[in-house]
Amino acid sequence: MTFLRVAKAATVLLVLLILQLELFASIRFFGVMPEIMLGAAVASGWHGGATEGAVMGFISGFLIDLYLASPIGLSALTYALIGYLLGIISELIAEDVERIVRTVISLIGIVLGLVTFVLFGELIAEPNLYNKNFGKILVVGGLYTGLFIPVLHFLMEWVFHQSNFRNNQIAMARPQRN
Amino acid sequence: MAVPQRSSGSRFTLAILLLTSVTLISLDARGYEPLANLRKATTTVIQPFRNIASTVFDPIADAWESLSEGDTLEKENILLREQLSELLEYRVTTEGAVEELAALRTQLDLENLGGQETIVAEVTARSVSNFDPYVIEIGKGTQSGIREGMAVVSVGGLIGRIEDPGLRNSRVRLITDPNVNVGVLAVGTNEIGILNGGGVGQPLKVMDGIPVSAQVEIGSIMVTSGSERSPYPGGFAVGTILEIVVDEINLEKELIVAPTGQLENLEFVTVILYQPINSDSGRNG
């Protein structure tokens, strides 16, 4: 990562964290808020690849961990895995995939992230994570976060590439990974 | 479609990150002090940005709340009217209970409870987790004398206790959390039970400790027991008994309790600067 990219990534993550804490924590649908930091991990995996996705996922998870009652590292662990996974998936599929496909894959990534978070939480016997609202959180939280996926992809594209949204296709300049 | 080869570098990075995460989880679970300090320092650095954002976003959040909860408020209003009429029916009982509470306070040498040092704190945020809604954040921390485990009250009674205080902010674990235990005493009796949260919007429950023979009545006030091992000071109202269910197998009474403290739409709370004897008692007490 170049210095410029690190600065961009830090700015984006800080802005998203503050939005999550100060805005989206209050704007809830059916009592559920969007998981913006998880969405950031997903989008960074898609645009940055497996390594950058894992690193960005770890940092975004660590940042939100600072404000959660669950142990520090639980979200970092989950988001790093999801960022890495999305990085791998983005390498495997065609680069000119339609945006709708990208959105659906991102949405699946978010739901997978929520499930993994609760699963890891249960493994370390963290109370309150699996509760009767779990299904509602998955559906509403997934869809609500899904609304912000285009914005998150735009931001992560800005972090990892030059802006190259020329048409309704995905940008072609994903970096080659060896 | 050519599948690009992933370098071992990305796997190595992932492995390092996973190991770091597991280490952090382990250290945090053990209460590793430097990690707690790192959390406090980082949140303190981010706090000014949050304050700026808060001034911008608070009106939006308030507008959303009034829009989305308009219907809820109407229902709540109807419910409150019903509760009020029920409470009027129990007025005589309640008046008696208040007298009993005063007597109990004297009996337990809690006359100076009102003189307990307190601090008023603004509620700065609701829970930022979808999975753990039993937490609120307040804008005062260790700098103001707040310490882990201190009791937090709102209008009407106990609502929770301080958890993981930072320098200028703290988390409050609400008593509605099903994993929170509070030692309570039914006013007018000597029976101490263990009260548990029932979840968001649900009544509290006393499942253990009240024998069938105990003379508890619907409408009676439950107060914190203030027993030696309790992290809460004694004599604070927690709830009023809504329903009594007799468990004939365990020969105990299960009490359904409505919290007396305001738990919704909180703007300010009061922290009792009472240092529990055993502040490491987690969520129990």
How many of the residues in the stretch A:50-69 are touching a Phe, Trp or Tyr at 6+ places or on another chain (Cβ under 6 Å) and at the interface with chain B (Cβ under 7 Å from one of its Cβ atoms)?
2
In the stretch B:8-21, residues that are within 7 Å of chain A (Cβ to nearest Cβ) and modelled with pLDDT of 90 or more total 5
Against the definition (within 7 Å of chain B (Cβ to nearest Cβ) and either at pLDDT 90 or above or surrounded by fewer than 23 Cβ atoms within 10 Å (Cβ to Cβ) (or both)), how does A:Leu77 come out, yes or no?
yes
Mind checking whether some residue in the stretch A:131-140 is within 16 Å of B:Asp132 (Cβ to Cβ), at the interface with chain B (Cβ under 8 Å from one of its Cβ atoms), basic (Lys, Arg) and surrounded by fewer than 23 Cβ atoms within 10 Å (Cβ to Cβ)?
yes
Which condition does B:Glu33 not pass, out of (1) closer than 17 Å to B:Pro165 by Cβ; (2) more than 7 Å from chain A (Cβ to nearest Cβ); (3) open to solvent by less than 60 Å² (accessible area, probe 1.4 Å), if it passes all the others?
(3)
Condition check for A:Val6: of a type in the set (Val, Ile, Thr) and either in contact (Cβ under 8 Å) with a residue 40 or more places away in the chain or within 11 Å of chain B (Cβ to nearest Cβ) (or both):
no
Looking only at the stretch A:98-126, count how many residues are buried (at least 18 other Cβ atoms within 10 Å of the Cβ) and within 11 Å of chain B (Cβ to nearest Cβ).
6
Please give the strands (runs of 3 or more DSSP E) falling wholly within the stretch B:178-243 in which 2 or more residues are under 20 Å from B:Ser154 (Cα atoms) and more than 14 Å from every other protein chain (Cβ to nearest Cβ).
B:181-186, B:204-208, B:221-224
Under 8 Å between Cβ atoms, which residue pairs at least 6 apart in sequence (or on different chains) link something in the stretch B:224-238 that is more than 18 Å from B:Val257 (Cβ to Cβ) with a partner that is of a type in the set (D, E, K, R) and buried (at least 22 other Cβ atoms within 10 Å of the Cβ)?
B:Pro231/B:Arg161
Is at least one residue of the stretch A:65-73 of a type in the set (Asp, Glu), surrounded by 17 or more Cβ atoms within 10 Å (Cβ to Cβ), more than 11 Å from the chain's Cα centre (by Cα) and more than 19 Å from B:Arg39 (Cα to Cα)?
no
Can you name the condition, by its number, that B:Val153 falls short on among (1) modelled with pLDDT of 90 or more; (2) more than 14 Å from chain A (Cβ to nearest Cβ)?
(1)
In the stretch A:17-50, the residues that are in contact (Cβ under 8 Å) with a residue 60 or more places away in the chain and open to solvent by 10 Å² or more (accessible area, probe 1.4 Å)
A:Phe29, A:Phe30, A:Gly31, A:Glu35
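The values are calculated or read from the model by the stated rules, or taken from the named source; none is laboratory data. Everything numeric here is computed off the predicted structure, so don't read it as measured data. Using ideal geometry, Cβ is built from the backbone for each residue, glycine included, and neighbour counts are taken over all protein chains shown. Just so you know, the surface numbers come from the protein's heavy atoms only, side chains and all, with ligands and any DNA or RNA stripped out. Shrake-Rupley method; radii C 1.70, N 1.55, O 1.52, S 1.80 Å.
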